Amino acid sequence: MKKLQVKIIAEMDIPDDWEIVEHPAGMQVLKIGDKFVDIDIAPIATSSLEENATWTDEDEMLINKVMDTLTEMDSELTIQHRH
């Protein structure tokens, strides 16, 4: 068995009224209006070798197999204000 570590860094330009809040479930989320948004890992797959292959999460058995290997996950949200 091997350990795979995936680091994902995403930058988003968001409206000024979106904010980071601590949800009662114990995690940081985006608050957009009256909704809470968690940003999470979402595996997608294809069986095509084509350059413009379609990637989806439709193969639920494969996606669940990948998600079953997840032993730890952490995310950190920060907002950088531009002046």
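No lab work stands behind these numbers, since they all come straight from the coordinates. This one's a predicted model, so the numbers in the text were calculated from it and none came from an experiment. Glycine gets a Cβ as well: all are built from the backbone with ideal geometry, and neighbour counts include every protein chain shown.
Computed values, structure above
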{"quantity": "In sequence order, calculated HN-Hα J values of region 31-47 (Karplus, 6.51, -1.76, 1.60; Hz; x Gly/Pro)", "calculated": "9, 10, x, 9, 10, 10, 10, 9, 9, 9, 6, 9, x, 10, 9, 8, 10"}
{"quantity": "Ascending count of other beta-carbon atoms within 10 Å, so fewest first, for Val66, Val6, Val29, Val37", "calculated": "Val6, Val37, Val66, Val29"}
{"quantity": "Within the chain: Cβ-based charge dipole about Cα centre, in debye rounded to nearest 20 (Lys, Arg +1; Asp, Glu -1)", "calculated": "340"}
{"quantity": "Where the Cα pairs of region 13-53 fall when distances are cut into 10 Å bins, in %", "calculated": "22, 34, 18, 21, 4"}
{"quantity": "Computed E for Ile14/Thr56 - FRET, C-beta separation, R0 30 angstrom, nearest 0.05", "calculated": "0.70"}
{"quantity": "Set of lysines with alpha-carbon distance to Lys65 below 16 Å, sequence-local pairs under 8 removed", "calculated": "Lys2, Lys3"}
{"quantity": "Order of Ser47, Ser75 - criterion: other Cβ atoms within 10 Å of each residue's Cβ, fewest first", "calculated": "Ser47, Ser75"}
{"quantity": "D (Stokes-Einstein, µm²/s), Kirkwood Cα radius, region 1-78, 1.002 mPa s at 20 °C", "calculated": "139"}
